[in-house]
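Chemist: Before anything else, here's the structure in question.
Please treat every number below as a calculation from the coordinates, not as lab data. In this text, all values refer to a predicted model and were calculated from it rather than measured experimentally. Don't worry about glycine lacking a Cβ; one is built from the backbone with ideal geometry, like all the others, and counts go over all protein chains shown.
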Amino acid sequence: MSKQSSMVHLAISSVLALSGAALTSTALAADDGKEQCAGITKAGKNDCATSTNACHGHVTTDGNAEAWIYVPKGTCDRIVGGRVVQIDVPPPAK
């Protein structure tokens, strides 16, 4: 195996490992003293899918009522426009 081939395999392995860690951290965030807060996200910064998109980070407008992010428990009710939601499974993409 050439040095270049080894570097490519290392890069691919690193990307896969990091993406798995990112998915795990989002799934575990709710158990870590956090709550889901909708209506306060900036465009492209949501944590999960909504009825209008199939992936996190794809909301196109600020303050989308369906888009949510994790915030420390007790914080959402103190943010203007924020509301606590509990979404177990992302809604299906349309």
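Chemist: So for Arg83, Arg78, fewest C-beta neighbours within 10 Å to most, what's the order? Provide the component values of the computation, followed by the final result.
Modeler: Working: Arg83 14, Arg78 8.
The order, fewest Cβ neighbours first, is Arg78, Arg83.
Chemist: May I pose another question? If you take the beta carbon distance between Lys3 and Ala65 as r and set R0 to 41 Å, what does 1/(1 + (r/R0)^6) give as a FRET efficiency, to the nearest 0.05? Write down the numbers at each step before the final one.
Modeler: Working: r = 52 Å, r/R0 = 1.27.
Efficiency at R0 = 41 Å is approximately 0.20.
Chemist: Using the Cβ atoms and a cut-off under 15 Å, what net charge is assigned to the surroundings of Gly74, where Lys and Arg are +1 and Asp and Glu are -1?
Modeler: Values: positive: Lys34, Lys73, Arg78, Arg83; negative: Asp32, Glu35, Asp77.
Residues near Gly74 contribute +1 overall.
Chemist: Right, something else. In nm, what is the difference between 0.36 nm times the number of residues separating Ile87 and Lys42 and their Cα-Cα distance? Mind showing how you got there, number by number?
Modeler: Details: separation 45, 0.36 × 45 = 16.20 nm, distance 1.89 nm.
Going from the current span to full extension adds 14.3 nm.
Chemist: OK, next. Hey, what's the per residue convex hull volume over the C-alpha atoms of the range 33-94, in cubic angstrom?
Modeler: Details: hull volume 4.1 nm³, N = 62.
That works out to 65 Å³ per residue.
Chemist: Using amide H atoms built 1.01 Å from N in the peptide plane, name the residues 5+ places from Asp62, or on other chains, whose amide H lies under 5 Å from its own.
Modeler: The answer is Ala43.
Chemist: Name the residues whose placed amide hydrogens come within less than 5 Å of the amide hydrogen of Arg83, ignoring near sequence neighbours (fewer than 5 apart) on the same chain.
Modeler: Amide H neighbours of Arg83: Ala38.
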